[in-house]
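K.L.:
Got a structure here, written out as structure tokens. Questions coming.
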Amino acid sequence: MTYSPYVRPTTLDGVKCVVVDKQLQIEQPAAFSFLMNFARENDLKVLDPAQTDDQP
């Protein structure tokens, strides 16, 4: 399976998640918007490591 170089699936503390590089917002704003809307519509948590103490 192939992913964008700005998006990678991973597991953090036993929780499956997707890490999105903020560069995606600059280079592909439509794709970034799609991901953020998908997360919001599906009640998924969105964390910004710059705003939390727990950085991956």
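K.L.:
Among (1) surrounded by 11 or more Cβ atoms within 10 Å (Cβ to Cβ); (2) at pLDDT 95 or above, where does Lys22 come up short?
P.N.:
(2)
K.L.:
Mind counting the residues in the range 1-31 that are in a strand (DSSP E or B) and in contact with a strand residue (DSSP E or B) (Cβ under 8 Å, 6 or more places away or on another chain)?
P.N.:
So the first thing to find is which residues in the range 1-31 are in a strand (DSSP E or B), and the list is 7-12, 15-20.
Next, from what is left, pick out any that are in contact with a strand residue (DSSP E or B) (Cβ under 8 Å, 6 or more places away or on another chain): 7-11, 16-20.
Going through the range 1-31 one residue at a time, the tally reaches 10.
K.L.:
Another one. Which one of these is of a type in the set (Ser, Thr, Tyr) and either in contact with a His (Cβ under 8 Å, 6 or more places away or on another chain) or touching a residue at least 40 places away in the same chain (Cβ under 8 Å) (or both): Thr2, Thr10?
P.N.:
Values: Thr2 fails: either in contact with a His (Cβ under 8 Å, 6 or more places away or on another chain) or touching a residue at least 40 places away in the same chain (Cβ under 8 Å) (or both).
Answer to the check: Thr10.
K.L.:
Of all residues in the range 1-17, how many are exposed (fewer than 13 other Cβ atoms within 10 Å of the Cβ) and either modelled with pLDDT of 90 or more or acidic (Asp, Glu) (or both)?
P.N.:
The initial filter retains those residues of the range 1-17 that are exposed (fewer than 13 other Cβ atoms within 10 Å of the Cβ), namely 1-3, 5, 8-16.
Now narrow it down to the ones that are either modelled with pLDDT of 90 or more or acidic (Asp, Glu) (or both): 5, 8-11, 13-16.
Looking only at that region, the number is 9.
K.L.:
Same structure, new question: Among the residues that make up the range 32-42, is at least one of them out of contact with any Cys (no Cβ under 6 Å at 6 or more places or on another chain), modelled with pLDDT of 95 or more and not in a helix (DSSP H, G or I)?
P.N.:
Taking every residue of the range 32-42 in turn, at least one turns out to be out of contact with any Cys (no Cβ under 6 Å at 6 or more places or on another chain), modelled with pLDDT of 95 or more and not in a helix (DSSP H, G or I).
The values are calculated or read from the model by the stated rules, or taken from the named source; none is laboratory data. Worth saying up front: this structure is predicted, and the values here are computed from it rather than measured. Methodologically, a virtual Cβ is constructed for each residue, glycine included, from the backbone with ideal geometry; neighbour enumeration extends over all protein chains shown.
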